[in-house]
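Everything on this sheet refers to the single structure shown next.
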Amino acid sequence: MKIAEVYASLQGEGLLAGTPSTFVRTSGCNLRCVWCDTPFTSWKPEGRELSDAEVFAVVASLAPRHVVLTGGEPLLFDDVASLASGLRRGGFHVTVETAGTVLPAADGPLFDLVSISPKLASSTPPSDTPGNWAARHAVARRRDDVIRALAAAPHQVKFVVETDADLAEAAGWLDDLDGAIDRSRVFFMPQARTAEELATRTAWLAGECHRLGVRLAPRHHITWYGGRRGT
């Protein structure tokens with residue numbers, strides 16, 4: 001599988017926020033979010049081909065016992081299943097971060113936590129984007145059947161929200177998934193690239209989360225590191 005980077009840092013979002021973690025970032029994605037914060041794994045994927053044994057060796061050389069398999073979309077790669085299994089056998093806690101549009105290549109429990117981040121309509125790129133990506137993204141971004149299957153494992157669900165329209169769509173999507181996901185593990189998190197944007201949108205979103213009864217996900221890594229690559 002193509003790996004863009006492997007690095008140790010702190011988890012910035014969700015249930016395990018603040019946990020020292022090693023991030024294994026695969027390169028390649030079936031979506032093209034207009035605001036993608038890792039374009040080097042989607043719009044212009046880069047990296048080098050590594051076996052799961054080679055990735056395991058790098059992870060084992062670092063200190064954290066929590067590992068986050070992220071991307072791009074890591075579930076596009078068959079080797080992610082064997083990597084996750086090997087890491088868990090080695091005593092690592094494994095989270096996979098996914099858009100919830102692709103199922104793993106293997107059956108059975110592969111991950112300690114499945115972190116699902118469904119993509120709202122506002123993530124769709126402009127209609128004139130080369131490669132017909134507007135239509136391809138729009139068709140691929142919502143797979144409730146996949147989300148329901150993934151949510152059979154321990155999970156969290158994170159929606160990126162920027163506007164009132166995003167908020168309404170996310171709330172409606174949750175209603176559509178009622179009974180399939182654990183609502184106590186649902187997070188709304190503000191779309192932001194800078195600490196200033198984050199502060200403004202977090203202040204707004206906090207009240208909306210309280211009103212809707214979902215959890216607010218502060219995006220700590222933006223505050224801590226400013227969104228720099230490798231953090």
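The values are calculated or read from the model by the stated rules, or taken from the named source; none is laboratory data. This is a predicted model, so every value here is computed, not measured. We place every Cβ from the backbone using ideal geometry, glycine too, and count neighbours over all the protein chains shown.
Would you check if Trp204 is assigned to a helix (DSSP H, G or I) and within 27 Å of Pro104 (Cβ to Cβ)? So Trp204 does not fit the description; no. Restricting attention to the stretch 184-224, report how many residues are at pLDDT 95 or above and either touching an Asp or Glu at 6+ places or on another chain (Cβ under 6 Å) or of a type in the set (Phe, Trp, Tyr) (or both). Qualifying residue count, the stretch 184-224: 2. Among the residues of the stretch 52-76, those identified as within 27 Å of Ala149 (Cα to Cα) and among the small types (Gly, Ala, Ser) are Gly71, Gly72.
Examine the stretch 213-227 for a residue that is over 21 Å from Gly18 (Cβ atoms) and in contact (Cβ under 8 Å) with a residue 40 or more places away in the chain, and state whether such a residue exists. Taking every residue of the stretch 213-227 in turn, none turns out to be over 21 Å from Gly18 (Cβ atoms) and in contact (Cβ under 8 Å) with a residue 40 or more places away in the chain. For Trp43, are the conditions met, namely being modelled with pLDDT of 95 or more and assigned to a loop (DSSP other than H, G, I, E, B)? Judged against the criteria, Trp43 is a match.
For the stretch 73-132, how many residues meet the condition of being of a type in the set (D, E, K, R), assigned to a loop (DSSP other than H, G, I, E, B) and closer than 20 Å to Asp37 by Cα? Adding up the residues that qualify gives 2.
Scan the stretch 125-145 and tell me whether some residue there is among the β-branched types (Val, Ile, Thr), surrounded by fewer than 17 Cβ atoms within 10 Å (Cβ to Cβ), at pLDDT below 95 and over 19 Å from His210 (Cβ atoms). The answer is no, given that none of the residues of the stretch 125-145 is among the β-branched types (Val, Ile, Thr), surrounded by fewer than 17 Cβ atoms within 10 Å (Cβ to Cβ), at pLDDT below 95 and over 19 Å from His210 (Cβ atoms). Would you point out the residue of the stretch 146-160, among those that are over 14 Å from the mean Cα position of the chain (by Cα) and not in a loop (DSSP other than H, G, I, E, B), that is surrounded by the most Cβ atoms within 10 Å (Cβ to Cβ)? So, considering only residues that are over 14 Å from the mean Cα position of the chain (by Cα) and not in a loop (DSSP other than H, G, I, E, B), the one surrounded by the most Cβ atoms within 10 Å (Cβ to Cβ) is Val146.
I'd like the full set of residues that are surrounded by 16 or more Cβ atoms within 10 Å (Cβ to Cβ) and in a helix (DSSP H, G or I), limited to the stretch 167-184. The answer is Leu167, Glu169, Ala170, Ala171, Trp173, Leu174. Considering the stretch 77-114, and only residues there that are small (Gly, Ala, Ser), surrounded by 22 or more Cβ atoms within 10 Å (Cβ to Cβ) and closer than 19 Å to Ile3 by Cα, the residue that is farthest from the chain's Cα centre (by Cα) turns out to be Ala84.
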